[in-house]
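The structure appears below as structure tokens.
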Amino acid sequence: MTPKRPRRSIFARGLLVFLAIFAVRPPSAAAQIAEILDPSGDGASPLAFPAGLAVGSDGVVYVAGRNGNDLFAVTPAGGVSEVYEAAGDNPRDVAVDADGALYVAAEGTDRVVRIAPGGVITTIIDATGDGTNALDGPRGVAVDSAGSVFVSGRFSHNAFRIDSGGAIAQIIDASGDGTHPLTQPFGDVAVGPDGSFYVAGQLSDNAFGVSANGTITQVIDASGDGVHSLDGPSGVAVDTEGNLYVAGRSSDNVFRVTPAGIVTEILDASGDGTSPLGDPRAVAVDRFGNVYVTGRSSDNAFRITPSGSIAEILSASGDGTAALSAPGAVEADASGNAYVAGEESANVFRVPTFAALVLDAATAWPTRSKPGRVSVRGTLDGVDGSLGFTIVVTDGIAMDETEVLAPADCETATNGKILCARIEDGKKRVKAVFSPKKKVPGEYGFKIFLNRLDFAEPQAGPITLTLIEGDGDAFQGTIGMCLLSTSSLICKG
């Protein structure tokens, strides 16, 4: 039996915690919304008309200032620096690759520049395009996992791929798929998990997919889902399952297009039923499947959960002190926090997906507490109980609990279930049940219970749980919001 690591000193012990994986709720108070960049920029160079956003794997937020011809970086700690400036560039979009290199679509100079992590700047495509087909008015830029960069040309009605070796190729032009044209790709572009590239034509009222082998397909047109039309599409985004999301600026709606081609309107002008949506300029999706949409004329932003629940997460009041005006770009980080750029208010807001617990003089930790408990569910492929498991629950700041289930703690029942448990002081400290799914061979659903956890101080959120098999296969989910009750801290979705 693997011994538990020594516990650190605690500020409060034994708080009741119920953690529900994948349930995403909007923040409960506007005070949790923060303006992370304002018109002063870094204090030396102002921010003017933030037109593009990107978030690196390290949590750094990059902001393209169109009218300031520059690019800012905002660290998770709040540090702001100008990382690029070039007169006349008018940057409209920015992307970041896995190595931290930045790609800036400069509409004013008809080029895309690469900013290496060390600061070296190179132009990877200019107005000459691929030497035969020109690039005019680059608007959207994206990069895939292989390091290939994609850029759309608004006025040249086309898009190019620049591979990691620097080779440039036009992958779609004004003829679209040969039957349906592509006219003025105005907003963001996207790359799916299978390497397919997506772009929308604002004036042709459609969107196209270009597969990795070059096949071009119109995936949605002006008819929308057959009931609700698509008019003036701007931004597009793709989730981890390959679903495409398209924002219709003039039709005030958002559509989802599945890999099978099923089209569904998921948001319309009514917004969440209380706050309307007007001129949806951009759309983004996080790794949990939550979709984010900005309404430029309605001065707000919405979140649509995988279950279809719609909520306004940011309004014209911004964070209550700094206002939001004409939001355009929107992005989400790995934790599900959303970032929204106000073009006319010249600022950027962070909207936490999960409520942060803040203690002040008016609140205190509960004097009565119950044994801390974590309960989670999920799915894994190819579970082997003989390899053991490591379970980590952390918020990256104050909460950091690691529990180990050794191979000796697990056994396989006659029905195929894998049952794991570790006893401490005569009680089950950790229990896990892995049940094979009859309809999906090799796939297991699981339930995990961790008891009597200690937490050193209030959770800052978001909280994540990671389950790692002995062979390295891992499941990770982000936990729901936390509330302080009279007797415990309760985290649930």
Using a cut-off of 18 Å between alpha-carbon atoms, which aspartates and glutamates can reach Lys438, once sequence neighbours fewer than 8 places away in the same chain are excluded? Asp381, Asp384
Highest mean packing first, using Cβ neighbours within 10 angstrom, the peptides 47-56, 167-176 sort as 47-56, 167-176
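Can you give the FRET efficiency for Ala87 and Ser307, using 1/(1 + (r/R0)^6), R0 = 56 Å, r = Cβ-Cβ distance, to the nearest 0.05? Mind showing how you got there, number by number?
Details: r = 48 Å, r/R0 = 0.85.
Efficiency, rounded to the nearest 0.05: 0.70.
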Residue by residue through the range 121-128, what is 3J(HN,Hα) from phi via Karplus (6.51 cos²θ - 1.76 cosθ + 1.60, θ = phi - 60°)? Round to whole Hz and write x for glycine and proline. 10, 9, 8, 9, 7, 10, 4, 6
Sorted peptide list for 208-218, 105-115, 406-416, criterion being average Cβ within 10 angstrom, highest first: 105-115, 208-218, 406-416
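If I take every Cα pair under 8 Å that is 6 or more residues apart in the range 170-286, average their sequence separation and divide by the length, what percent do I get for the relative contact order?
20
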18 Å reach of a label modelled at Ala127, 7 Å along Cα-to-Cβ, counting backbone N of the range 72-114: 86-92, 105-113
Contact order relative to length for the range 77-201, counting C-alpha pairs under 8 Å separated by 6 or more residues, stands in percent at 17
Using the Karplus curve 6.51 cos²θ - 1.76 cosθ + 1.60 with θ = phi - 60°, what ³J(HN,Hα) values do you get for each residue of the range 315-323, in whole Hz, with x for Gly and Pro? 10, 4, 6, x, 9, x, 10, 9, 7
Would you pull out the residues with amide H under 5 Å of Asn158's amide H, same chain only if 5 or more places away, H placed 1.01 Å from N? Gly153
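Expected output is a single nm value to one decimal: the length gained when fully extending between Ala212 and Val433, i.e. 0.36 nm times separation in residues minus the C-alpha distance. What is it? Working shown, then result.
Working: separation 221, 0.36 × 221 = 79.56 nm, distance 4.01 nm.
Result: 75.6 nm gained on full extension.
Please compute the length gained on full extension between Ser164 and Ser229, using 0.36 nm multiplied by the number of residues separating them and subtracting their Cα-Cα distance.
Details: separation 65, 0.36 × 65 = 23.40 nm, distance 3.82 nm.
Difference between extended and current length: 19.6 nm.
Among 184-192, 34-42, 251-259, 436-444, how do they line up by average Cβ neighbours within 10 Å per residue, starting with the highest?
Numbers: 184-192: 25.0, 34-42: 17.6, 251-259: 21.3, 436-444: 11.6.
Peptide ranking by packing, descending: 184-192, 251-259, 34-42, 436-444.
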Output ³J(HN,Hα) for the range 81-97: one whole-Hz value per residue in order, computed from phi by the Karplus curve 6.51 cos²θ - 1.76 cosθ + 1.60 with θ = phi - 60°, and x for Gly and Pro. 8, 8, 9, 7, 8, 8, 4, x, 5, 6, x, 10, 7, 9, 9, 10, 9
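Here, each number is a calculation from the coordinates, and none is a lab measurement. These figures come from a predicted structure and were not determined experimentally. Methodologically, a virtual Cβ is constructed for each residue, glycine included, from the backbone with ideal geometry; neighbour enumeration extends over all protein chains shown.
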